[in-house]
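The values are calculated or read from the model by the stated rules, or taken from the named source; none is laboratory data. Everything numeric here is computed off the predicted structure, so don't read it as measured data. All Cβ positions, glycine included, derive from the backbone under ideal geometry; neighbour counts span all protein chains shown.
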Amino acid sequence: MVVVGNHRQFHFTSEQYEIVSDLVHSALDQAVRSMEQMLKIRIKAKHIVFDTGLMDPISELDQLGRFKAHLVKMVFSGEIHGAFYFVILDHEVDLINSVCLPEEFKSEKRTENKLMKHGFMSEIENVITALSLKEISEALGVQLELKVPQIQILPGNEINQYFEKEGKIHRTAFHVKSVLEGQVVNISPFFIWMMDEHFLKVLQLNTSG
């Protein structure tokens with residue numbers, strides 16, 4: 001129950017809330033299964049929050065200070081506009097590299113090794129965002145297209161400011177925040193969605209609310 005887009009309030013009906021909850025959890029379940037298959041470790045989706053309006057700052061990121069994070073942004077367009085974001089700390093990428101990275105992604109050359117490990121993470125991120133987009137598309141009966149990923153490295157304490165700007169750029173009216181936590185290997189990447197008010201309009205068209 002927050003102000004969106006044109007300063008009106010959007011309240012989920014019980015039917016709409018159930019549809020959105022099922023959609024979010026189904027997409028995250030698929031993301032978890034894909035990560036488990038690719039990393040060969042157990043993953044659990046935790047701290048799942050979804051709501052209308054802009055996303056609140058993530059306090060855990062501010063606490064990182066200047067520690068670097070690997071951030072992938074994947075914009076999508078069509079009947080709904082928005083973006084997916086995957087945030088994983090640089091040392092977590094190193095941990096995945098040492099524990100989970102397949103042989104074909106390994107190299108003895110340091111520079112090449114770094115490119116390989118980030119390429120492997122980008123492949124994982126591509127898969128889970130594509131699955132999430134497919135879930136949204138099928139649940140709401142909309143045509144959506146995923147754009148080329150944009151990758152950057154940021155200090156942890158700059159990421160909330162980045163998300164604040166992104167929320168305004170994409171005119172975010174609905175968001176999802178989740179953590180995909182490794183159960184044996186200590187990784188906890190964030191998987192975040194931002195969507196414009198067309199998501200809410202399509203939701204209304206698909207329900208009696």
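Residues that are surrounded by fewer than 21 Cβ atoms within 10 Å (Cβ to Cβ): which strands (runs of 3 or more DSSP E) entirely in the range 145-209 hold 2 or more of them?
Output list reads 150-155, 174-182.
Could you check the range 129-171 and list, in sequence order, the residues that are hydrophobic (A, V, I, L, M, F, W, C) and either over 16 Å from His70 (Cα atoms) or in contact with a Gly (Cβ under 8 Å, 6 or more places away or on another chain) (or both)?
Matches in the range 129-171: Ala130, Leu131, Leu133, Ile136, Ala139, Leu140, Val142, Leu144, Leu146, Val148, Ile169.
Could you tell me which numbered condition Val127 fails, if it satisfies all but one of (1) of a type in the set (Val, Ile, Thr); (2) part of a helix (DSSP H, G or I); (3) crowded, with 17+ Cβ neighbours inside 10 Å?
(3)
Pull out all pairs, ordered by first then second residue, where Cβ-Cβ is under 7 Å, the residues are six or more apart or on different chains, the first lies in the range 9-23 and is more than 19 Å from Ile48 (Cα to Cα), and the second is surrounded by 18 or more Cβ atoms within 10 Å (Cβ to Cβ) and of a type in the set (Lys, Arg).
Qualifying pairs under 7 Å: none.
Of all residues in the range 26-69, how many are farther than 24 Å from Ser122 by Cβ and within 13 Å of the chain's Cα centre (by Cα)?
Matching residues across the range 26-69 total 2.
Can you find a residue in the range 99-114 that is more than 22 Å from Asp29 (Cβ to Cβ), modelled with pLDDT of 85 or more and not hydroxyl-bearing (Ser, Thr, Tyr)?
no
Return the pair list, or none, for Cβ contacts closer than 6 Å from residues in the range 163-183 that are farther than 23 Å from Lys201 by Cα to residues that are basic (Lys, Arg), at least 6 apart or on different chains.
Within 6 Å, the pairs are Val179/Lys46; Glu181/Lys44; Glu181/Lys46; Gln183/Arg42; Gln183/Lys44.
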